[in-house]
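One structure below.
What follows is calculated from the coordinates using simple rules that are stated; it is not laboratory data. Model, not experiment: these values are computed from the prediction. Methodologically, a virtual Cβ is constructed for each residue, glycine included, from the backbone with ideal geometry; neighbour enumeration extends over all protein chains shown.
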Amino acid sequence: MCPLCCVFIPEACPEGLFGARCEELCDCGDNVSCHHVTGVCDCPLGWRGRRCEKACLPGFFGKNCASRCACPPGVPCHHVTGQCGCPPGLTGSGCEKPCLPGTFGEGCAHICQCSGATQECHPVTGACVCPPGFHGPSCQLECSPGWYGRDCERQCQCRNGGRCDTATGMCHCPAGFIGADCGTGCPAGRYGQDCAGLCPCGAGVPCHPVTGDCVCPPGRAGPACEQGCEKHRYGPGCQQRCSCRNGGLCDTADGSCSCAPGWTGKSCELECPPGWFGAACQLRCSCLHNATCEPATGTCRCPAGHYGPLCEHSCAPGFHGQGCRERCDCEHGAGCDPATGRCRCPPGLRGERCHTGCEEGTYGEGCQHLCDCPSGVPCDPATGRCLCPPGKTGPTCAADCRPSRFGPDCRLPCQCAPSSSYCNARNGQCLCLNGHTGATCREATQSLPPTRPPPPPEELWPVEE
């Protein structure tokens with residue numbers, strides 16, 4: 001057997017690796033290979049240095065910068081080709097540098113004729129490179145409404161009349177709307193710009209998302225829906241007249257009648273039939289000696305607040321007093337004591353008729369409790385829960401929103417793209433990081449050299465995966 005047949009001829013390492021076992025990485029510039037054994041960079045024409053990061057010295061060009069230029073004195077030569085004089089768009093002793101911003105052409109001697117602050121143009125042709133938000137031959141035209149970005153080629157995504165930033169595509173929402181694309185209406189109880197206004201309408205009553213005007217439900221009236229309908233009136237705006245008779249109570253919302261004891265019928269127009277008495281005529285009389293019972297109470301004189309054969313029945317809801325003939329004079333659906341008629345106000349209301357809400361800073365039954373909220377933050381008059389402003393949450397509104405939440409009491413989910421944006425904890429607007437744009441930062445821009453993003457403002461958070 002030939003001894004040469006046993007000689008091992010090693011294969012070259014894959015590109016980008018070198019060393020005995022091809023485990024070491026080449027430390028050269030982009031698209032520059034290295035020697036598979038030593039790791040020495042194989043510099044392309046016109047470049048030198050340990051990592052091929054330097055152009056040839058003035059007067060030299062070519063492979064390993066070993067060739068000397070043959071140009072007249074004072075005339076540079078191209079560090080790659082050796083051609084005398086720099087081609088349009090390049091400058092420097094070796095023609096290795098592009099024209100400075102604002103210049104172009106042969107010798108970079110021409111000034112860009114572009115509008116705007118950037119004055120950026122193509123280094124060879126001088127064609128204007130418009131910044132985001134502008135277009136036209138000299139970048140003198142702003143984007144038309146509904147368009148944004150470089151050369152105004154991207155269509156805005158704002159909804160509900162939101163105004164689109166011509167440079168970034170960020171949506172500026174009108175009053176009554178929030179979110180990255182202004183697609184979210186104000187939460188219940190909020191109105192105005194960034195939904196920062198607190199509706200003055202009381203618990204359960206909505207307000208107009210733009211103006212804050214209270215939208216009163218049927219049976220309520222007044223600027224803050226704090227008033228009930230006048231007697232014998234009901235419905236939206238209290239415009240309809242009740243048909244209840246014989247002391248029947250009219251539901252201020254739908255006009256239905258709650259009849260006084262001893263009466264029945266749709267309008268309380270029918271007296272109880274013989275042998276029956278009480279609310280809705282549901283009780284059978286049990287008087288002694290076959291006496292006929294009084295249709296309202298069914299018994300003799302009972303103490304105030306009671307009726308029936310043995311005075312064992314309390315007055316029907318909404319009535320009180322001797323013979324249960326007196327109606328409770330309470331508002332907002334509050335009940336009253338069947339004996340005295342004194343209104344029993346639910347939490348968040350006070351006054352003889354439960355017609356007044358709690359004073360600012362108080363809540364609960366009888367408004368006897370003090371709110372435990374920071375200065376300027378109101379609390380729910382019924383529960384005492386702090387009504388946190390946009391960007392804040394927690395029992396006392398001391399906590400900031402989690403990165404993926406925003407808005408009043410941090411109740412809304414951010415719509416910004418994960419890992420490529422910051423979410424404004426107050427209004428949900430997205431601040432895009434490098435390489436992304438649009439209302440939710442899900443659109444890629446033209447490739448740019450990587451840079452470290454600026455730290456977010458205090459009210460912005462990076463969006464979680």
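Numbers below:
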item	result
Taking THR125, THR168, THR297 and counting other C-beta atoms within 10 Å, the order from fewest to most	THR125, THR168, THR297
Listed peptides 230-242, 247-259 by packing density, highest first (mean Cβ within 10 Å)	247-259, 230-242
Point-charge dipole on Cβ atoms (K/R +1, D/E -1) for the chain, about Cα centre, debye to 20	360
Neighbour-count ranking [beta-carbon atoms within 10 angstrom, fewest first] of ASP30, ASP372	ASP30, ASP372
Globularity index of the stretch 242-350, i.e. its alpha-carbon radius of gyration over 2.2 N^0.38 Å	1.09
Proximal charge balance of GLY192 [Cβ under 15 Å; K/R count +1, D/E count -1]	0
In nm, spacing of pseudo-spin labels at ARG163 and ASP329 (7 Å Cα→C-beta vector)	5.4
Per-peptide average of other Cβ atoms within 10 Å, ordering 67-77, 169-179 highest first	169-179, 67-77
Stokes-Einstein diffusion coefficient of the chain, Kirkwood radius over Cα pairs, 25 °C, 0.890 mPa s, in µm²/s	80
Loop-located GluC sites (Glu not before Pro) in the stretch 36-118 whose Cβ has at most 16 other Cβ within 10 Å (DSSP)	GLU53
Cβ-derived FRET efficiency at R0 51 Å, VAL210 paired with ALA280, nearest 0.05	0.65
Packing-based ranking, highest mean first, of 428-434, 349-355 given that Cβ atoms within 10 Å are counted	428-434, 349-355
Sorted by Cβ neighbour density within 10 Å, fewest at the top, the residues VAL37, VAL80	VAL37, VAL80
Contour excess over end-to-end distance, with Cα ends at ARG385 and LYS63 and 0.36 nm allotted per residue	108.3 nm
Förster radius 35 Å - calculated FRET efficiency between THR445 and CYS22, Cβ distance, rounded to 0.05	0.40
